[in-house]
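The structure appears below as structure tokens.
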Amino acid sequence: MEMLIVVAIIAILIAIAIPTFASSLNKARIATDEANIRSGYASVMVRVLDPDNALAAANTTVTYTLNKDGSVSTADETKDNYTCQGNQTQTGTSIGGVAMTTGWKKGDTISYKYDNATGKVTISVGAGK
């Protein structure tokens, strides 16, 4: 009888711990995504502020995509795109001083649009591959 009570108590504790662990794991993945998105934003700013960058010098809008190594690339540069690891449903997340209007889900890609006329960067989420 005592053994059944001990097993029941352990089962209850496990039932409580598993959702808490899953939530913590998703929060860690979201924090990783935010750090990678922030790193990509810094890479965009480095490219934009480079005086030798012909794309940023033109009076156009340039779209960059975040790569797995933290760098960014344009559409004509082929690299391995970064895909988000967590599920962020909260809107209005601010990364690098830029407010994101949408959240993201696992597998989504990140792109940055730089508008040379306004000097602003917009971060957007796209469907993954």
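Considering (1) surrounded by fewer than 10 Cβ atoms within 10 Å (Cβ to Cβ); (2) touching an Asp or Glu at 6+ places or on another chain (Cβ under 6 Å), say which one Asp80 fails and leave the rest.
Just one mismatch for Asp80, condition (2).
Among residues belonging to the stretch 83-97 that are loosely packed, with under 14 Cβ neighbours inside 10 Å and out of contact with any strand residue (DSSP E or B) (no Cβ under 8 Å at 6 or more places or on another chain), point out the one that is farthest from Ala22 (Cα to Cα).
Here the answer is Gly97.
Where in the stretch 11-129 are the strands (runs of 3 or more DSSP E), entirely inside, with at least 3 residues that are of a type in the set (Ser, Thr, Tyr)?
61-66, 109-115
Determine whether the stretch 107-127 contains at least one residue that is modelled with pLDDT under 85 and under 17 Å from the mean Cα position of the chain (by Cα).
yes
Can you pull out every residue in the stretch 98-129 that is closer than 17 Å to Leu49 by Cα and loosely packed, with under 14 Cβ neighbours inside 10 Å?
Answer for the stretch 98-129, where residues must be closer than 17 Å to Leu49 by Cα and loosely packed, with under 14 Cβ neighbours inside 10 Å: Asp115, Ala117, Thr118, Gly119, Lys120.
Kindly provide the set of residues from the stretch 60-102 that are in contact with a helix residue (DSSP H, G or I) (Cβ under 6 Å, 6 or more places away or on another chain) and within 12 Å of Val44 (Cβ to Cβ), ordered by number.
The answer is Val62, Tyr64, Leu66, Gly70, Ser71, Val72, Ile95, Gly96.
The values are calculated or read from the model by the stated rules, or taken from the named source; none is laboratory data. Quick caveat: nothing in here was measured; it's all calculated off a predicted structure. Don't worry about glycine lacking a Cβ; one is built from the backbone with ideal geometry, like all the others, and counts go over all protein chains shown.
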